[in-house]
Amino acid sequence: MADKRDYYEVLGLSKGASEEEIKKAYRAGVKKYHPDLNPGDKSAEEKMKELNEAYEVLSDPDKKSRYDQFGHAGIDPSYGGGGGFSGFSGGFGDMGDIGDIFSSFFGGFGGSTSRSNPNAPRRGQDIQAEQTISFMDACKGTKLKIKIQRMETCAECNGTGSAPGSSTDTCPDCHGTGQVKAVQRTPFGMISTTKPCLKCGGKGKVITNPCSKCRGAGRVSNYATIEVNVPAGIADGQTLQVRGQGHSGINGGPSGDLHIGITVRPDPLFERDGYDIRTEVPIKFSQAVFGDEIEVLCIDGKVKINIPEGTQTGTVFRLKGKGVTKINRNERGDQFVKVVIEVPHGLNKKQKELLKAFDDSVTDDKYSNRSKFFDKLRSVLNKSL
């Protein structure tokens, strides 16, 4: 136990970190040390194992509570599930049992001291993973293969922890009850208390011939590749839940789930707004003046739109049903195309003369926005005089 690093240190956190802080730190660690991102790097693989071990404990409220109180001894079965703390030597006897003592008289310190059955089925922990996909894959949906590391039921012993052909024995200390009695001297006299048995961890049974593969734990750490369907319409920052693909359960309990945080890479042409898509298309001055039919790119391919004569820069055209598929619905958003008139540059002398002649020939009333602007400006100036 002495060579284990502090789990908070592994995640780069301070003791007492919140559930959200723990989850965020774990996800950051996965992005940094996942084997797929560090092929052949043994140190990254070891750090990934440390991360998984730390997260498995600190993400479980019960295990986290015992770890915060007793350290690694609180979550190691060989220490009796956290009952071995005896660091107080004051006049009230063993501080590790003071709650049990007061519970005999007053019902404990504001809560029950009953312990859960260590032989009861327990659900496995969830696993957090991260995956980056393209903009188009988010719009249309895709399939991913994700490699994860998880605790799985030992195939050698089927999760019993005992070597094949052997069985567990009744604990000699508690005689199969899972509890032992202890007598302590207190300010109230000699008090008899009942505690979980340290030898068997409260299970009432001990493994005399541990499985060589899992060393009596009943679970082993393995890598698994999971195929996941990403639905069309998923957005950046959303999480996919894959049920039953987390860590295996204990004592026959169900497996946890796999939670995949999705990051969507930005696209150089398209910008997503909910289920709508927005894009900008540059057009020539002449196209805006005379009108034209242009091709614009959608996520399904090219579409033609008509640019009316006299189109102004910033005009937005709506392409109904050309946006993103709405998750689990047979509907799509729209695509909004904003046209921007590009002013030509590098004109030669003749081109400038032609453009100047054109400009001189067009009266102000042909520029509706310009006329409105100057009408408003004159109104403001007249009021101020």
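Worth a mention:
- Amide H contacts under 5 Å for THR263, placed H, 5+ residues apart: GLN131, THR132, ILE133, GLY237
- FRET efficiency for SER192 and ASP68, using Cβ-Cβ distance with R0 set to 25 Å, rounded to 0.05: 0.30
- Fully extending the segment from VAL289 to LYS350 would add 19.9 nm, taking 0.36 nm per residue of separation and subtracting the current Cα-Cα distance.
- Backbone HN-Hα couplings from phi across the stretch 304-315 [Karplus 6.51/-1.76/1.60, Hz, Gly and Pro as x]: 8, 10, 8, 9, x, 4, x, 5, 8, 5, x, 5
- Computed label-point distance, nm, for sites ARG5 and MET136 using a 7 Å Cα→Cβ extension: 4.1 nm
- Report note on the peptides 273-286, 141-154: ranked by the mean count of other C-beta atoms within 10 Å, highest first, their order is 141-154, 273-286.
- Entries of LYS24/LYS203; LYS64/LYS205; LYS143/LYS302; LYS15/LYS205 with Cα pairs more than 27 Å apart: LYS24/LYS203; LYS15/LYS205
- Ratio of Rg to Rh for the stretch 119-195: 1.31 [Cα atoms; Kirkwood radius as inverse mean 1/r over pairs].
- Spin-label pair GLU20-ALA357: with each label point 7 Å from Cα along the Cα-Cβ axis, the two points sit 6.8 nm from one another.
- Sorting TYR367, TYR55 by the number of Cβ atoms found within 10 Å of their own Cβ, with the fewest placed first, yields TYR367, TYR55.
- Electrostatic bookkeeping for GLU353 treats Lys and Arg as +1 and Asp and Glu as -1; over the other residues with beta carbon under 13 Å from its beta carbon, the sum is +2.
- Other residues within the sphere of radius under 10 Å centred on the Cβ of VAL180, judged by their own Cβ, net out at +2 (K and R +1, D and E -1).
- Surrounding net charge for GLN125, when Lys and Arg each add one and Asp and Glu each subtract one, Cβ distance under 10 Å: 0
- Measuring nothing but how far apart in sequence close Cα pairs (under 8 Å, 6+ apart) lie, relative to its length, the stretch 309-370 scores a relative contact order of 26 percent.
- From phi via Karplus (6.51, -1.76, 1.60), per-residue ³J(HN,Hα) for the stretch 222-231 in Hz, x at Gly/Pro: 9, 9, 9, 9, 10, 8, 10, 8, 9, x
- Backbone HN-Hα couplings from phi across the stretch 205-216 [Karplus 6.51/-1.76/1.60, Hz, Gly and Pro as x]: 10, 10, 8, 8, 10, x, 4, 5, 7, 9, 6, x
- Straight-line cross-link partners of LYS195 among the aspartates and glutamates, defined as a Cα under 19 Å from its Cα and at least 8 positions apart when in the same chain: ASP62, ASP76, ASP94, ASP97, ASP100, ASP173.
- Close amide-amide hydrogen proximity is noted between ILE283 and VAL340, ILE341, GLU342, each under 5 Å apart and 5 or more residues distant or on a separate chain (H modeled in the peptide plane; Pro and chain starts excluded).
- Charge dipole of the stretch 1-61 (Cα centre as origin; +1 on each Lys and Arg Cβ, -1 on each Asp and Glu Cβ, all else neutral): 200 debye, rounded to the nearest 20.
- Residue among SER368, LEU347, ASN328 farthest towards the positive dipole end of the stretch 322-372, charges placed on Cβ: ASN328
Read-outs: derived from the displayed coordinates by stated rules, not from any lab. Keep in mind that what you see is a predicted model, and the values were worked out from it rather than measured. With ideal geometry, Cβ positions are generated from the backbone for all residues, glycine too; neighbour counts draw on all protein chains shown.
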